[in-house]
Structure formats: structure tokens, C-alpha cells
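The values are calculated or read from the model by the stated rules, or taken from the named source; none is laboratory data. Note that the coordinates shown come from a computational prediction; the quantities given were computed from them, not determined experimentally. Backbone-built Cβ (ideal geometry, glycine too); neighbour counts: all protein chains shown.
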Amino acid sequence: MRFVVRYQLFIHIMIIIAFLSMYPAYSETIHSNPYLDLGIFAFEENDYTSALAHLKRAMLNQPNNALVYHYLAKTYQKMNRFKEARQYYERACEINKNLEDLLFDRGYFNYVTQKYQYALNDFVQAIKQTPDNLMAQYFAGICAFKLNQFETALQYFLSSTRQNTNIKTNCEYYAAVCYFQIGKPAQAQELFNKIFLSPESTPLRKDAKKWLEILKSNPSMFRPYHLFCDITTTYDTNLKLVSSSEDTNDKDDLLIKTFVNGKYNFVQSPIYIMGIEYNHFQSNHIDFSNYNIVGSAGSFYIITNQHNTTHSFYLRPEHIWLDNASYSSNQGLEYDIQWQKNQYLKLSANFEYAIYNNFSSNYYDGQAINFDFGMERTFKDHENLSLLMGIAILNKNTQGDDKKYQYGKFGCLLKFQDKQLKWLVGGSYSVRHYMHEDISFQKRREDNLTQLLTQFSLIDYTIQPVFQIEHLVNCSTINAYDYKRTAISISLRYFY
């Protein structure tokens, strides 16, 4: 009987040994490794140099132990040596992806290194392994949010808010932003109100208040159609034929200008907008009716939003009438990009190509290429105050040689804006360099234009009043083109 028992015990031991030899990773994980223990202890004590030394020796003893590579990756991550950390995370996952906390830690590493899609995949797998892992749900929501996958992010944030945790308020805040982005303002407002009124959410109350102000001041934001109207009365001390004209007539006049803009979005989502736009402009002069202008322009546009970056494409045909007679027809193609680097800095760039056809004379027919670069910087200590700066470069070719020119401009504005008032003050300096001699004066022309501007608008009204003063001084190499202009305007604006 004893022989039979011993024989059965021997057989069981041999089976276990065979099993362990077939799965070395499992074998090495369950066996003690003193260097691994020392490495983990040093890591927990924030002694990463010692941890690295012990873990390297542990790796030599157990080259197939996923836990060793896991802690090596975490140690390198703490030391900001991300290349090595990534290598060891990958090696640990190759050996045993089901190791506790491994997928979450690799996901967090990918999140820190801004590999949001990889991070989201890891967090999703971690949630499958441990469905009640609230931090994995939270970071999965953050990564989806960073990727503009707002509906996916919303589900993870809502799941996290059902738990009574320290991150509940953060999850509610991000869920509210997601509701806003997917076009559900009522749900967004409900959560922002809850955060603003809760005494436990002090750090986020200021941000929630800003969102509530945006929702209040932009009720039409989620509609596919928009309308803008502007009626302006201007006293101009030195009239120009049209806004793009180079010359003035040394006469003053009072004029009334009307501008109407309407747009409709066929497709409207948080990351993609496509639609059409129509602009109508008209000016009526009191004394010089032969200067009356009517402009009509259509536009087809596509706008995309990704990772704090907005790309816009426009196709714009335009027709202008002067004193009820056709004056010119223009076609434009425009590309615009805006990058919101953070809440304090916004950068922009713009490219436009235009073709001009003048009906009165082909002398002005031609093409123009324009580049614009801009920046808006908000001051951290004074968030109502912003600095706007920009440069523009234009090259215009016409059939009339003496009308070809290159143009450069630098502008700077200071903007103050609170709930009720927006105030702009600043100016610009530009140089227009003509490519050929002026036919009339037999001399190469160069204009240096200085502009000063200030504008006040009351924005907390359905119909917004605007007051503006603009002063321009042009100094030319040909004295006949020198001029000064001052334009004082009062406007009423309506947004719907």
C-alpha cells in the first residue's frame, strides 16, 4: 500500500515539474527572486537607481519573468527614459499580458507620452480584465476625449460618475463637455450647473461657470443655420472707390453700409462641418452716389476639428456692382488652420488664391496669392486681456504692369473682453511695393501705410452696438498718392 501511495505521489510531482518546464514564465513568476524583491522595495522607496541595478540582476536570473520587465518599465518611466520603458513594457506583455496591472500601467505610460490611441486600447483591455477598475475607465474616457471620440468618452465618464469616488466631479465635468461637443446643450448645462453649485467642486467651479456663460451667450450654437446682420453709419474724411482700391478722392461723405451673412450646415458634428454661406454687402453714400457699392458672395466650406486643431476650406465666388453697373467678378480658394495650443495661446495660418476679372477694363485683371499668420495670447494673470499679432504677405499680378505689386503687413491689437464689453485698440504697418514704374509719373511707386484703430462693443445684448475710430496715413514715393483718412463708425449687429 505504501508503495502505491509513494508511486502516485512521484507521478504527481513529475507532472508538476513537466508543467512548469512547459511554461517557464509561470515557473519563474511563482519562484522567489531576491533581486526582484529588492528591486520592488527600492522602487517603492523612490530609489530608482538602486531599483534598476537590482532588477537588472533579477532579469539575468529569470529572463522570462514578466514581473521583472514590468518593474523595469515602471522604473525607466519614473526616470523619464521613455524609450527603454516602452521596450520593457512590450517585453512584459509578450510574456504575460494578463499580469495584474500591466495593461493599466502600459496604458498610463502611453497616455503620458501622448500615444492616446494606444493608451485607449490598453485601458479598454484592462477594463475587460477588471470591470470595476474605475481609474482605467476614467483614463479610457480621457484618451477618447483627446481623440475627439466624444460619444465613447461620454460612456466611460458616465460609468465612472456612478461610483462615489474622488474622481466623480472630474468625470462629471468631462461628461458635460462631451454633451456639449455632441450637440446636447441641455444635458451639458445640467451637469455644469451641478458642478458650479456643489461646494465639493471648488477647483472646477470657475471652469463650469465659463461653460455656462458660453451656453447662455450662444443659444444658436447647435443650430445648423446662422444669421448675422450689421448696419453701419460711417463718416469718412477721404473716400475710396471700393475697399480694395488704391486711391482716394480727397472728399468726405457720410455713408450707410449694410452687411448680411447667412449660412447653413448640411453636415454638423463635433469633428466635421460642411455647408454653404451667402454674404451681401451694400453701401449708400449721401453725396457721392456714384460710389455706391453692392457686393454678393457665396461660399462652400468644409471644416474639420481634430486634437485642438481646426482646418477650414472655402470656395468663394464674388460679384461686385458699382453704381448699379457690374464692376468685377472674383473667385477665391482659401485654406485656414487654427491651433489652440492651450487655453492661453492660439495660433493660425491662412492661404488664399484669388482670380480677379474687371468688367470696365482688363487692365486690373489678374491673380493674387496671400499668406497670413496670426497669434492670440491671453495673459494668465488677466484672462480678460489678450494680445493679437499677425503678419500678411501678398503677391498680386495684373495685366497692367504698373498695377503689379507685393505687399507685406504687420498688425498688433490689444483685446479686453468681459461679460458685457469688448474693447480693441491697436494698429498696423504695411508696405506695398509696385513691380514696375507708374505710367503717369514714370517712377517706381512704394506705399507705406500706418493704421490706428480702436473699437468698443457691448456684447451682452441681442442687438450689439459698436463704435469704431480708424485713422490711416499713407506715405508714398510718389507724393500724389499720399493721403490721410479718418473713418468714424457706429454699428448695430445682430446674431441669430
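Number of residues in the stretch 440-458 that are under 30 Å from the mean Cα position of the chain (by Cα) and surrounded by 15 or more Cβ atoms within 10 Å (Cβ to Cβ) equals 6. The residue of the stretch 88-127 that is surrounded by the most Cβ atoms within 10 Å (Cβ to Cβ), among those that are more than 33 Å from the chain's Cα centre (by Cα) and among the basic types (Lys, Arg), is ARG91. On the stretch given as the stretch 408-422, residues that are at pLDDT below 95 and over 23 Å from the mean Cα position of the chain (by Cα) total 2.
Here LYS404 qualifies as more than 26 Å from HIS471 (Cβ to Cβ), surrounded by fewer than 17 Cβ atoms within 10 Å (Cβ to Cβ) and touching a Ser or Thr at 6+ places or on another chain (Cβ under 7 Å).
Results for (1) in the same structural domain as GLN155 (by TED's automatic domain parsing); (2) surrounded by fewer than 19 Cβ atoms within 10 Å (Cβ to Cβ); (3) polar (S, T, N, Q); (4) modelled with pLDDT of 85 or more, shown as yes or no for each residue.
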position: ASN170; (1), (2), (3), (4): yes, no, yes, yes
position: ALA175; (1), (2), (3), (4): yes, no, no, yes
position: ILE182; (1), (2), (3), (4): yes, yes, no, no
position: GLN187; (1), (2), (3), (4): yes, yes, yes, yes
position: LEU191; (1), (2), (3), (4): yes, no, no, yes
position: LYS194; (1), (2), (3), (4): yes, yes, no, yes
position: GLU213; (1), (2), (3), (4): yes, yes, no, no
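Of the residues PRO63, PRO34, the single one that is surrounded by 11 or more Cβ atoms within 10 Å (Cβ to Cβ) and either modelled with pLDDT under 85 or of a type in the set (D, E, K, R) (or both) is PRO34. Where residues in the stretch 352-375 are in contact with a Phe, Trp or Tyr (Cβ under 9 Å, 6 or more places away or on another chain) and closer than 25 Å to LEU424 by Cβ, which of them is surrounded by the fewest Cβ atoms within 10 Å (Cβ to Cβ)? Top of the filtered list is PHE371. Of all residue pairs spaced 6 or more apart or on separate chains, none has beta-carbon atoms under 8 Å together with a first member in the stretch 125-150 that is assigned by TED's automatic domain parsing to the domain that holds LYS341 and a second member that is modelled with pLDDT of 90 or more and acidic (Asp, Glu).
Kindly check whether there is at least one residue in the stretch 282-302 that is assigned by TED's automatic domain parsing to the domain that holds ASN370, under 24 Å from THR232 (Cα atoms), surrounded by fewer than 13 Cβ atoms within 10 Å (Cβ to Cβ) and polar (S, T, N, Q). There is at least one residue in the stretch 282-302 that is assigned by TED's automatic domain parsing to the domain that holds ASN370, under 24 Å from THR232 (Cα atoms), surrounded by fewer than 13 Cβ atoms within 10 Å (Cβ to Cβ) and polar (S, T, N, Q).
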